[in-house]
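See structure below.
The values are calculated or read from the model by the stated rules, or taken from the named source; none is laboratory data. Note that this is a predicted model, so its numbers are computed, not measured. Here the Cβ positions follow ideal geometry from the backbone for every residue, glycine too, while neighbour counts run over all protein chains shown.
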Amino acid sequence: MLAVAIWAGTSHPGTESAAAPVATTTTTTSTLPPATTTTAPPPPTTLPAADGPVSVPRDSYAAEPIKVIGTIEIPKLGLRSTLGEGITLNNIDRNPSHWPGTALPGQPGNVVVAGHRVTHTRPFRHIDDLRPGDEVFFTVAGIRWRYVVTGSQVVTPKQTDIVDQTPDATGTLFACHPPGSARYRYVVHLKLSPT
């Protein structure tokens, strides 16, 4: 269990910045090599396995390396973005970011990804439009993984069980809710699916 609340999507714990809009596009160009889509979960050789979620630091801008580990695509939202690795706003402000210590795409466990709704590139602005059956693709280490939405929920920032690991290959996307506020988190649940 994590000791501090999850505050992805905020400029400071408890508030989401309503700063002037930056770019309104949610797409980026990837320089990754072409990926193959697969559902057989070979463990990536270049990235560590999930050891359990790391704790969120008290300072939302605590020192953390800026790291890109792949891409995330959500066709229904028109999103194609790089996928970062980190839990501080140093990474989440740049693109959706994978929570360190959670499963990587294709592995057994819960792939946890945080993103903003109203600040920076707003990749998860319309996360609440996702419905069961909608697709989410992750490409990491040249392998493309297909996940499908299984449901959604709204939780408080203290409900950190959304990052708990699972025995099956699942995923969790989350962002502050409602847009412009950090009062709650909108959570979308995923599962690895055959292509």
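Of note:
- For the range 97-110, a residue qualifies if it is out of contact with any helix residue (DSSP H, G or I) (no Cβ under 9 Å at 6 or more places or on another chain) and over 20 Å from Arg58 (Cα atoms), and the qualifying residues are Ala103, Leu104, Pro105, Gly106, Gln107, Pro108, Gly109.
- The range 73-87 - residue that is in contact with a Leu (Cβ under 9 Å, 6 or more places away or on another chain) and not hydrophobic (A, V, I, L, M, F, W, C) and, of those, nearest to Arg146 (Cα to Cα): Glu73
- Test: residue in the range 116-125 that is surrounded by 18 or more Cβ atoms within 10 Å (Cβ to Cβ) and free of Cβ contacts under 8 Å to residues at least 60 places away in the same chain: no
- Meets criteria (under 15 Å from the mean Cα position of the chain (by Cα) and either at pLDDT below 70 or not in a helix (DSSP H, G or I) (or both)) for Leu83: yes
- Residue in the range 89-108 that is polar (S, T, N, Q) and surrounded by fewer than 19 Cβ atoms within 10 Å (Cβ to Cβ) present: yes
- Residues of the range 176-195 that turn out to be in contact with a Lys or Arg (Cβ under 9 Å, 6 or more places away or on another chain), of a type in the set (A, V, I, L, M, F, W, C) and at pLDDT 95 or above, as a count: 1
Residue-by-condition table, conditions (1) out of contact with any Pro (no Cβ under 7 Å at 6 or more places or on another chain); (2) closer than 22 Å to Pro157 by Cα; (3) at pLDDT below 90:
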site: Thr26; (1), (2), (3): no, no, yes
site: Ser30; (1), (2), (3): yes, no, yes
site: Pro34; (1), (2), (3): yes, no, yes
site: Thr46; (1), (2), (3): yes, no, yes
site: Glu64; (1), (2), (3): yes, yes, yes
site: Thr71; (1), (2), (3): yes, no, no
site: Leu89; (1), (2), (3): yes, yes, yes
site: Arg94; (1), (2), (3): yes, yes, no
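- Criterion (over 14 Å from the mean Cα position of the chain (by Cα), on the phi < 0 side of the Ramachandran plot, at pLDDT below 95 and of a type outside the set (S, T, N, Q)) met by exactly one of Pro132, Pro157, Pro108, Pro167: Pro157
Listed here are the residues, each with its yes/no results for (1) among the acidic types (Asp, Glu); (2) under 15 Å from Val163 (Cβ atoms); (3) touching a Gly at 6+ places or on another chain (Cβ under 7 Å).
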site: Thr82; (1), (2), (3): no, no, no
site: Ser97; (1), (2), (3): no, yes, yes
site: Pro100; (1), (2), (3): no, yes, yes
site: Val112; (1), (2), (3): no, yes, no
site: His120; (1), (2), (3): no, no, no
site: Arg125; (1), (2), (3): no, no, no
site: Asp128; (1), (2), (3): yes, no, no
